[in-house]
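These notes are about the structure you will find just below.
The values are calculated or read from the model by the stated rules, or taken from the named source; none is laboratory data. Please read these numbers as outputs of a predicted model, since none were measured by experiment. Positions of Cβ are backbone-derived with ideal geometry, glycine not excepted, and every protein chain shown enters the neighbour counts.
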Amino acid sequence: MRQFKDSGHLFRFAFLFAVAIVVFLVVRHFVVPKSFGEYGHYRGAAITEIAARPVHFAGQSACETCHSDVAQMKTAGMHKGVHCEACHGPQARHADDPGSVQPAKLDTALLCVRCHAASAAKPKTFPQVAAEDHSGGVACETCHQPHSPAISSTQAGGAK
Amino acid sequence: MLPAAAIAWKYVLAGTPEDSPNYTKTDHWWGMLIDIPKCIGCGNCVRACQAENDVPDGYFRTWVERYLVTDWDMTNPEVISPDGGKEGFPAAKEEENGKYFFVPKMCNHCADSPCTQVCPVGATFITPDGVVLVDQTYCLGCAYCVQACPYGCRYIHPEKKVADKCTLCYHRITKGLTTACCESCPTGARQLVDLKDPKDPIHAFLKTHAVQVLKPQMATGAKAFYNGLDGSVR
């Protein structure tokens with residue numbers, strides 16, 4: 001009967017163990033974020049937070065909402081697949097408030113050669129020019145309308 | 001009926017993605033198509049990504065590499081990527097016994113990603129729509145994931161001291177916009193694709209083209225599909 005005499009120790013130990021579990025569960029309830037495990041072993045709310053980051057590029061359809069004339073001109077030319085913001089840069093703030101935020105004027109001397117400067121590394125089918133030989137320092141837009149770059153007979157003469 | 005993009009734009013202006021009523025995560029499975037023969041190495045994608053996502057200077061969520069493979073040495077291509085290709089590449093002379101091409105790189109948004117598996121705290125994960133993201137409020141900055149990524153697509157943010165990476169412009173694609181890099185690519189060399197959308201042209205493209213992923217031997221389930229990828233690309 002001796003082993004039963006000390007059984008109180010076991011009960012005390014079991015009680016402490018139960019208290020520890022309760023404390024653990026309470027602490028866990030407060031420190032683990034609410035959405036943890038919503039989709040997997042991570043904080044589900046993080047997805048919403050990342051999706052809430054601000055947009056800088058307005059997107060092609062936003063541009064075309066107002067600038068349908070330019071969009072129309074582009075469809076006929078070689079630049080039809082080039083989105084507005086590929087050249088004009090991120091314009092979400094302009095789209096947001098067209099009155100007070102104006103896009104910067106572009107420098108074709110820098111911009112055109114970024115894509116069209118001749119390099120053997122570029123795909124052979126892509127139109128490329130060695131700028132100095134091609135125009136001799138004359139600005140690109142003297143002959144080429146950037147939104148429809150092919151030279152028509154009515155545009156400035158003198159260029160080949 | 002308003003076009004979907006107009007609705008999306010209205011939504012962008014509102015700036016409250018929480019009430020994105022038309023977006024159901026489980027309806028999408030995002031990926032990217034990169035068409036190597038179309039890439040001209042202009043660096044627009046790199047600049048656009050930095051502008052859209054406030055990527056610190058000298059760090060890249062996407063970058064462009066230029067390969068020069070000479071006929072006699074396929075295993076040792078000459079690869080350059082000056083400042084990630086952000087300001088383009090130096091002009092190249094015609095190589096008689098070699099070929100040049102550009103390879104845009106980015107997070108492959110792997111379906112079985114090694115980076116999310118090693119995170120000790122559950123700070124990086126794959127969303128139900130197939131995008132690999134980092135919860136920067138939870139990240140410890142231990143950089144296990146940076147080491148685990150076989151594609152070198154992660155970095156530790158120099159100021160925040162936590163892991164940072166391509167989000168596939170999750171803040172844009174959930175609003176019906178395309179990613180900043182796709183938006184700014186002048187030749188259409190990059191295309192955002194939704195593999196769960198039966199109307200996405202990716203399905204027809206994959207059917208008719210020889211498409212590869214990077215390091216298929218790693219079994220990462222990469223979702224950045226490369227068309228016309230040379231065997232020398234690592």
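Residues that are closer than 28 Å to B:TYR23 by Cα and at pLDDT 95 or above within the range B:138-150 comprise just one, B:CYS139. Within the range A:89-110, restricting attention to residues that are crowded, with 17+ Cβ neighbours inside 10 Å and closer than 18 Å to B:CYS45 by Cβ, the residue that is nearest to the other protein chains (Cβ to nearest Cβ) is A:PRO90. With respect to A:PRO33, is the statement that it is outside any helix (DSSP H, G or I), touching a residue at least 24 places away in the same chain (Cβ under 8 Å) and either out of contact with any helix residue (DSSP H, G or I) (no Cβ under 6 Å at 6 or more places or on another chain) or within 12 Å of chain B (Cβ to nearest Cβ) (or both) true? The answer is no for A:PRO33.
In the range A:127-143, of all residues being away from every other protein chain (no Cβ under 12 Å) and touching a residue at least 24 places away in the same chain (Cβ under 8 Å), the one that is nearest to B:ILE36 (Cα to Cα) corresponds to A:CYS140.
Looking at the range B:115-131, which of its residues are small (Gly, Ala, Ser) and either touching a Pro at 6+ places or on another chain (Cβ under 9 Å) or buried (at least 23 other Cβ atoms within 10 Å of the Cβ) (or both)? Answer for the range B:115-131, where residues must be small (Gly, Ala, Ser) and either touching a Pro at 6+ places or on another chain (Cβ under 9 Å) or buried (at least 23 other Cβ atoms within 10 Å of the Cβ) (or both): just B:ALA123.
Selection over the range B:132-147 of residues that are more than 13 Å from the chain's Cα centre (by Cα) and either under 20 Å from A:GLY40 (Cα atoms) or buried (at least 23 other Cβ atoms within 10 Å of the Cβ) (or both) gives a count of 9. Residues of the range A:112-133 that are outside any loop (DSSP other than H, G, I, E, B) and modelled with pLDDT under 90: A:ALA131, A:GLU132, A:ASP133. Please verify whether the range A:42-55 includes one or more residues that are surrounded by fewer than 17 Cβ atoms within 10 Å (Cβ to Cβ) and either more than 23 Å from B:THR178 (Cα to Cα) or in contact (Cβ under 8 Å) with a residue 60 or more places away in the chain (or both). Checking the range A:42-55: not a single residue is surrounded by fewer than 17 Cβ atoms within 10 Å (Cβ to Cβ) and either more than 23 Å from B:THR178 (Cα to Cα) or in contact (Cβ under 8 Å) with a residue 60 or more places away in the chain (or both). A single member of B:GLY43, B:GLY98 is touching a residue at least 24 places away in the same chain (Cβ under 8 Å) and within 9 Å of chain A (Cβ to nearest Cβ), and it is B:GLY43. In the range A:66-79 there is no residue matching the filter, namely being surrounded by 20 or more Cβ atoms within 10 Å (Cβ to Cβ), touching a helix residue (DSSP H, G or I) at 6+ places or on another chain (Cβ under 6 Å) and part of a loop (DSSP other than H, G, I, E, B).
For A:ASP6, the conditions (1) more than 8 Å from chain B (Cβ to nearest Cβ); (2) in contact with a helix residue (DSSP H, G or I) (Cβ under 9 Å, 6 or more places away or on another chain); (3) not hydroxyl-bearing (Ser, Thr, Tyr) all hold with the exception of (2).
Does B:PRO120 count as within 26 Å of B:ILE173 (Cα to Cα) and not polar (S, T, N, Q)?
Details: within 26 Å of B:ILE173 (Cα to Cα): no; not polar (S, T, N, Q): yes.
No, not satisfied.
Annotation: B:CYS153 fulfils all but one of (1) under 30 Å from A:SER119 (Cα atoms); (2) at pLDDT below 95; (3) not acidic (Asp, Glu); the unmet one is (2).
The criterion of being part of a strand (DSSP E or B) and either farther than 27 Å from A:VAL82 by Cα or not hydroxyl-bearing (Ser, Thr, Tyr) (or both) holds for B:GLN191.
Tally the residues that are farther than 22 Å from B:CYS42 by Cα and in contact with a Gly (Cβ under 9 Å, 6 or more places away or on another chain), restricting the search to the range A:49-60.
3
The numbered conditions (1) of a type outside the set (Phe, Trp, Tyr); (2) facing chain B (nearest Cβ under 8 Å); (3) closer than 18 Å to B:CYS185 by Cβ; (4) touching a residue at least 24 places away in the same chain (Cβ under 8 Å) are all true for A:CYS63 except (2).
Taken as a whole, the range A:74-81 holds at least one residue that is within 11 Å of chain B (Cβ to nearest Cβ) and closer than 17 Å to B:CYS45 by Cβ.
For the range B:149-165, a residue qualifies if it is touching a Ser or Thr at 6+ places or on another chain (Cβ under 9 Å) and in a loop (DSSP other than H, G, I, E, B), and the qualifying residues are B:CYS149, B:PRO150, B:TYR151, B:CYS153, B:ARG154, B:VAL162, B:LYS165. Could you check, for the range A:112-126, whether at least one of its residues is farther than 21 Å from B:CYS185 by Cβ and more than 8 Å from every other protein chain (Cβ to nearest Cβ)? No - not one qualifying residue is present in the range A:112-126. The condition of being in contact with a Lys or Arg (Cβ under 7 Å, 6 or more places away or on another chain), crowded, with 19+ Cβ neighbours inside 10 Å and more than 14 Å from chain A (Cβ to nearest Cβ) holds for only one of B:CYS153, B:CYS182, that being B:CYS153.
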